[in-house]
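Accompanying notes for the structure given below.
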Amino acid sequence: MPTEKSKVTAQNIIDAGTSLFTQKGFYNVSIKEIAAKAGSNSALISYYFGGKQELYQEILKRQAADINTLQKTVSASGKTALEELYNYILGIKMMQAKNKQQANLLYREILFPTGLCSTMVNEQLTTIHLFTVDLVKKAIKEKSLKPSTDPAYTAFILEGITVLTFLARKQLNLLGSAGQNETDVIQKVVTYYFSSLLTGKEAINHANV
């Protein structure tokens, strides 16, 4: 059974690997660099994870696990589909804000694939997309969104919003002087996009968001 000390050591290695992989890419980071940054030794990386490649894959797996947990939380919330959509998008934003380096690493892998995690990343992106599509379909069924709404297209736009607001977070922070935080901005952007898709009742409810 892992001791508290071993958990801390493993987490330090995860944190060090995430930071270095994000900054330099997988192939430009050595086991020794990771160990030095983690305050550990190279042998422990192999002991806990099996090697550099397995450590890299474990970091990306944790991102997938966080998304899976978020999806379960949203599904069990008992909210309307439209509320679940908002909560899911904002949940991804909050997750990205909390784990900036982990999110950066995922986007780096998407833009500059190493070839080590293609299946895992594709499965993760597919999971995000299909979950969003299902929420849009549910909102249409609940008559919150118009029947003419295209679930796949709408899901793609919403996913694009979460990516863009993360990549452009420095610019969004400039809006803080206007009394708005990133969450406010995302909610307004999503509401603006939904404005032409909402049914009459929902359009009235969201008019002042």
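Counting only protein heavy atoms and using a 1.4 Å probe, the accessible area of T69 comes to about 80 Å².
Can you give the charge dipole size of the stretch 1-116 about its Cα centre, rounded to the nearest 20 debye, using +1 on the beta carbon of Lys and Arg and -1 on the beta carbon of Asp and Glu?
Values: 14 positive and 9 negative charges, 39 e Å.
Computed charge dipole of the stretch 1-116: roughly 180 debye.
Relative to the longest principal axis of the chain, what angle (0 to 90°, nearest 10) does the C-alpha long axis of helix 151-167 take? The answer is roughly 50 degrees.
Count neighbours as other Cβ atoms within 10 Å of each site's Cβ, and list the trypsin sites (Lys or Arg not before Pro) in the stretch 77-161 that are DSSP loop with at most 14 such neighbours.
Working: sites: K79, K93, K98, K100, R108, K137, K138, K141, K143; in loops: K79, K143.
Filter output for the stretch 77-161: K79, K143.
Within the set K24/K98; K37/K61; K52/K79, which residue pairs have Cα atoms separated by over 32 Å? Among K24/K98; K37/K61; K52/K79, the Cα-Cα distance tops 32 Å for K52/K79. Annotation: amide H-H contacts under 5 Å for L145 (H modelled 1.01 Å from N, sequence separation of 5 or more, or interchain): I140, T199. Against the compact-protein benchmark of 2.2 N^0.38 Å, the Cα-based radius of gyration of the chain scales to 1.18.
Each Cα pair under 8 Å and six or more residues apart adds its separation to the average, and for the stretch 1-123 the resulting relative contact order is 26 percent.
Counting only protein heavy atoms and a probe of 1.4 Å, the accessible surface of the chain is 57% carbon and sulfur. Across all C-alpha atoms in the stretch 33-100, the radius of gyration and Dmax reach 16.9, 50 Å.
Projected onto the charge dipole of the chain (+1 at Lys/Arg Cβ, -1 at Asp/Glu Cβ, origin at the Cα centre), which of F112, N28, A76 gives the Cα projection farthest towards the positive end? The Cα lying farthest towards the positive end belongs to N28.
Here the stretch 33-178 is treated with +1 on each Lys and Arg Cβ and -1 on each Asp and Glu Cβ, and its dipole about the Cα centre works out to around 360 debye. For the chain, the solvent-accessible area of protein heavy atoms averages 55 Å² per residue (probe radius 1.4 Å; ligands and nucleic acids excluded). Taking the chain as the reference, fit the longest principal axis to its C-alpha atoms, fit the long axis of helix 4-24 to the helix C-alpha atoms, and give the angle between the two in degrees, 0 to 90, nearest 10. Rounded to the nearest ten degrees, it is 70. Remark: accessible surface ordering of V8, V121 (largest first) is V8, V121, probe radius 1.4 Å. Protein-only accessible surface at a 1.4 angstrom probe places the residues D66, D134 in the order D134, D66, largest first.
The values are calculated or read from the model by the stated rules, or taken from the named source; none is laboratory data. Remember, predicted model here, so these are calculated numbers, not experimental data. Reconstructed Cβ throughout: ideal geometry from the backbone, glycine too, with neighbour counts over all protein chains shown. Keep in mind that these areas ignore ligands, DNA and RNA; they rest on the heavy atoms of the full protein, side chains included. Shrake-Rupley method; radii C 1.70, N 1.55, O 1.52, S 1.80 Å.
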